[in-house]
Every structure is written in C-alpha cells, then in structure tokens.
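A.B. asks: Next up is a structure, given as structure tokens.
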C-alpha cells in the first residue's frame with residue numbers, strides 16, 4: 001500500500017532499513033538485556049520461575065519473562081524469535097510430520113553462533129539479525145513490494161563503509177541505560193530535530209487481530225479448517241481449531257494464525273497441484 005501510494009509521485013525512494021540491526025534499535029535487544037541480568041539467580045529459582053511461566057496461558061502478562069528465566073542465553077533469544085515453540089509444534093503437526101521435522105534443527109547454525117559469543121552478547125545478536133532477519137525478511141519484503149510498483153528502494157544505511165564502521169562500535173554505545181540506537185541518536189543531534197530523534201519507536205503493524213476477529217473471521221475458519229487443508233495431512237486439525245477459537249476469544253495469536261494462512265495459501269498455489277491434493281474448498 002505504501003509503495004503504491006509512493007509510486008504516484010516518485011520512482012526512487014530511500015529506506016531506513018538496516019538501522020535497527022547496525023545500531024541496536026529493536027526493543028527485543030532491550031528486553032534481552034533486562035532478562036540477561038537475572039542469569040545470576042540460583043538455578044532452582046530460575047527453573048521454578050520457568051515452570052510458573054509455562055503454566056500461564058499464552059498471551060498472559062509476564063509469561064515469556066518467567067519462561068525465559070529458565071533458559072540460557074541462546075535458548076532465550078531463539079525462543080523469543082520463534083512464533084511456535086517446540087511444544088506447540090508437537091501439537092500443531094501430525095505425529096509423522098513432526099517426527100520428520102525433528103530430524104533437522106533449523107536453528108542449529110544460529111545456536112552455535114550465539115553459544116560461541118565471547119562476552120559481547122549484544123554484538124552477537126546484532127550480527128545474527130544482520131545476516132539472517134534483515135536479508136531474508138526485511139529487505140526481501142521491501143524489494144518485492146517496491147519493485148511491484150516500479151519503485152527503486154535504496155538503503156543508504158547499508159552502504160558497506162557504514163556497515164563496516166558500525167561493526168566497530170562497542171555495544172554499550174548502541175544500547176545505553178535502556179536507550180536503543182544511543183550513539184546513532186547522539187550523532188544526529190543538531191542535524192535532525194530532537195522531536196524526531198526522541199520520538200518513540202513505531203512500527204508498521206497491521207491490525208491482524210482486529211481483522212481476524214471481525215470481517216475476516218469467516219475467511220480464517222473456512223481456509224484453515226477446510227477439507228482441503230485436512231486432506232493434505234500436515235497439521236493436527238483439532239489443534240488448528242483450538243487455535244482459531246482462542247483467537248476469536250481475544251488471545252494474542254494474530255501472527256500465529258497469519259503464518260498458517262500464508263502457508264495454506266502457498267500450499268494451494270505451489271504444492272497441491274503437484275501432489276494431487278484437490279478439494280472443492
């Protein structure tokens with residue numbers, strides 16, 4: 001939508017992508033720094049906190065914080081970066097499908113990188129996001145959506161000289177006292193108005209929950225609980241139904257359901273015709 005509107009006026013646009021990875025702008029870095037302070041608590045206390053967190057319902061306030069106290073550094077960060085946790089995946093997939101998936105650890109390389117982080121934990125997280133999340137998610141979406149409307153999106157913050165310089169910045173200058181992008185903001189003082197520099201971070205969130213619990217409610221049910229999806233034999237239909245029902249009751253499962261919708265539509269477009277899964281719905 002943004003690209004479509006911009007295409008009415010320009011053919012080249014500048015994007016600020018890369019700044020969060022280079023200068024530690026994500027809130028998750030601040031959350032991780034806060035949770036990391038509790039790693040010195042006695043192991044029994046952390047395990048107890050984790051058990052309490054696991055017992056709380058999904059979406060309950062403080063649930064993830066308590067759960068994360070029982071995890072070590074790389075486990076904690078990867079858990080926070082994953083929509084469906086392992087126990088949820090066991091219920092989501094049929095037994096035979098989960099058994100196949102369990103033979104491969106998609107996070108192995110990331111876990112090895114974080115486990116080997118030598119003291120500079122924040123730098124390790126930034127590097128991981130710079131090498132994976134940024135190119136595989138952020139830049140991919142920007143490139144496809146902008147080019148779909150004949151706009152050339154350029155990313156000046158990813159100039160290789162700036163990236164190389166940013167890699168030398170000590171982590172305590174990127175995240176200081178709970179302030180993200182600290183050194184970048186200081187560098188911009190006097191160049192940009194303080195009102196812009198100090199403005200709270202605001203993403204481009206889509207109101208998925210409002211849509212799914214409103215006008216798109218029937219679409220969600222008809223798509224995810226369709227006979228066509230069941231016949232494919234990938235997911236546990238009972239778990240999908242519980243997930244949709246909990247979404248309808250107000251649980252914050254918007255991105256879980258969005259991910260399943262995206263996968264279902266991908267299957268219908270690229271998979272079903274090859275494997276012969278056909279249905280009227």
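A.B. asks: Can you tell me which residue is nearest to the chain's Cα centre (by Cα) among those in segment 191-232 that are over 22 Å from residue 93 (Cα atoms) and surrounded by 14 or more Cβ atoms within 10 Å (Cβ to Cβ)?
C.D. replies: It comes out as 208.
Each row is one residue, and each column tells you yes or no for (1) outside the structural domain of residue 236 (by TED's automatic domain parsing); (2) surrounded by 11 or more Cβ atoms within 10 Å (Cβ to Cβ); (3) within 25 Å of residue 257 (Cα to Cα); (4) within 18 Å of the chain's Cα centre (by Cα).
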position: 12; (1), (2), (3), (4): yes, no, no, no
position: 27; (1), (2), (3), (4): yes, yes, yes, yes
position: 38; (1), (2), (3), (4): yes, yes, no, no
position: 42; (1), (2), (3), (4): yes, no, no, no
position: 92; (1), (2), (3), (4): yes, yes, yes, no
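A.B. asks: Mind telling me which of the residues 48, 78, 22 ends up being assigned to a helix (DSSP H, G or I) and over 30 Å from residue 139 (Cα atoms)?
C.D. replies: Values: 78 fails: over 30 Å from residue 139 (Cα atoms); 22 fails: over 30 Å from residue 139 (Cα atoms).
Sole residue among the options that is assigned to a helix (DSSP H, G or I) and over 30 Å from residue 139 (Cα atoms): 48.
A.B. asks: Within segment 171-180, is even one residue exposed (fewer than 11 other Cβ atoms within 10 Å of the Cβ) and within 22 Å of the chain's Cα centre (by Cα)?
C.D. replies: There is at least one residue in segment 171-180 that is exposed (fewer than 11 other Cβ atoms within 10 Å of the Cβ) and within 22 Å of the chain's Cα centre (by Cα).
A.B. asks: Still on this structure, I have one more. Just need a number here: residues in segment 178-203 that are assigned to a loop (DSSP other than H, G, I, E, B) and closer than 25 Å to residue 34 by Cα. Talk me through it step by step, then tell me what you get.
C.D. replies: Within segment 178-203, the first condition is being assigned to a loop (DSSP other than H, G, I, E, B), and the residues that meet it are 178, 180-181, 190-191, 193, 198-203.
Next, from what is left, pick out any that are closer than 25 Å to residue 34 by Cα: 178, 180-181, 198-203.
Looking only at that region, the number is 9.
A.B. asks: When you look at residue 54, is it touching a residue at least 40 places away in the same chain (Cβ under 8 Å), touching a helix residue (DSSP H, G or I) at 6+ places or on another chain (Cβ under 7 Å) and either part of a helix (DSSP H, G or I) or over 23 Å from residue 171 (Cβ atoms) (or both), yes or no?
C.D. replies: Numbers: touching a residue at least 40 places away in the same chain (Cβ under 8 Å): no; touching a helix residue (DSSP H, G or I) at 6+ places or on another chain (Cβ under 7 Å): yes; either part of a helix (DSSP H, G or I) or over 23 Å from residue 171 (Cβ atoms) (or both): yes.
No; evaluated as a whole, the condition is false for this residue.
A.B. asks: Given the options 71, 83, name the one that is under 15 Å from residue 50 (Cβ atoms) and either assigned to a loop (DSSP other than H, G, I, E, B) or touching a strand residue (DSSP E or B) at 6+ places or on another chain (Cβ under 8 Å) (or both).
C.D. replies: Being under 15 Å from residue 50 (Cβ atoms) and either assigned to a loop (DSSP other than H, G, I, E, B) or touching a strand residue (DSSP E or B) at 6+ places or on another chain (Cβ under 8 Å) (or both) holds for just one of 71, 83, which is 71.
A.B. asks: Has segment 102-109 got at least one residue that is in a helix (DSSP H, G or I), at negative phi and either in contact with a strand residue (DSSP E or B) (Cβ under 8 Å, 6 or more places away or on another chain) or surrounded by 15 or more Cβ atoms within 10 Å (Cβ to Cβ) (or both)?
C.D. replies: Checked against the condition, which is being in a helix (DSSP H, G or I), at negative phi and either in contact with a strand residue (DSSP E or B) (Cβ under 8 Å, 6 or more places away or on another chain) or surrounded by 15 or more Cβ atoms within 10 Å (Cβ to Cβ) (or both), segment 102-109 yields no hits at all.
A.B. asks: In addition: Could you give every pair whose Cβ atoms fall below 8 Å, whose first residue belongs to segment 247-265 and is outside any helix (DSSP H, G or I), and whose second residue is loosely packed, with under 15 Cβ neighbours inside 10 Å, counting only separations of at least 6 or pairs across chains?
C.D. replies: 251/57; 251/58; 251/59; 252/58; 252/59; 253/58; 253/59
A.B. asks: Which of the residues that make up segment 29-45 are modelled with pLDDT of 90 or more and not in a loop (DSSP other than H, G, I, E, B)? So that I can check it myself, show each step before the final result.
C.D. replies: Of all residues in segment 29-45, those modelled with pLDDT of 90 or more come to 29-30, 41-45.
Listed by number, the residues that qualify are 29, 30, 43, 44, 45.
The values are calculated or read from the model by the stated rules, or taken from the named source; none is laboratory data. Quick caveat: nothing in here was measured; it's all calculated off a predicted structure. Using ideal geometry, Cβ is built from the backbone for each residue, glycine included, and neighbour counts are taken over all protein chains shown.
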